[in-house]
Amino acid sequence: RYLLRPGSVDRATFPTRTYARVAGQVVGDAVPYLRAARPQFTYLHLAEPDLAGHTAGWMTAPYRVAVRRADDAVREVWD
């Protein structure tokens, strides 16, 4: 929300609890829109690795799981 200027984007959605959503959920909500609208620019915030790093520590098992989930989510967008 802090990056958006009024009228600068066609669509922006903000989950009520961003960090409670895993990367797959974010992408699962975004992919149908991306297929239908075919926007020229898309920004998806996959916060899961950052949150895991801050809470469990960088390079810990939970962090690596979060990175894998984010990686899988990015793959889904590309597919």
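For the reader, a short list of remarks on this structure follows.
- For the set HIS54, HIS45, solvent exposure ranked by accessible area (probe 1.4 Å, protein chains only) runs largest to smallest as HIS54, HIS45.
- The C-alpha atoms of the chain define a longest principal axis, and helix 23-37 lies at about 20 degrees to it.
- Options THR60, ALA47, LEU4, ranked by Cα towards positive dipole end of the chain, top entry (Cβ charges): LEU4
- Summing Cβ point charges (Lys, Arg +1; Asp, Glu -1) relative to the Cα centre of the chain gives a dipole of roughly 180 debye.
- The sum of -39500 (n - 2.57) across all DSSP H runs of n ≥ 4, divided by the residue count of the chain, sets its helix-only mean residue ellipticity at 222 nm to -17000 deg cm²/dmol.
- Spatial extent of the chain: Rg and Dmax, with the Cα atoms as the point set, Å: 13.8, 41
- Accessible surface, per residue, of the chain when the full set of protein chains is kept, probe 1.4 Å, Å²: 82
- The chymotrypsin sites (Phe, Trp or Tyr not before Pro) found in the stretch 6-79 that occupy coil by DSSP, while having at most 15 further C-beta atoms within 10 Å, are PHE41, TYR43, TRP58.
- Within the accessible area of the chain (1.4 Å probe), percent carbon and sulfur: 53
The values are calculated or read from the model by the stated rules, or taken from the named source; none is laboratory data. The structure displayed is predicted, hence computed values, not measured ones. Methodologically, a virtual Cβ is constructed for each residue, glycine included, from the backbone with ideal geometry; neighbour enumeration extends over all protein chains shown. We work out accessible area using only protein heavy atoms, side chains counted, and drop any ligands, DNA or RNA first. Shrake-Rupley method; radii C 1.70, N 1.55, O 1.52, S 1.80 Å.
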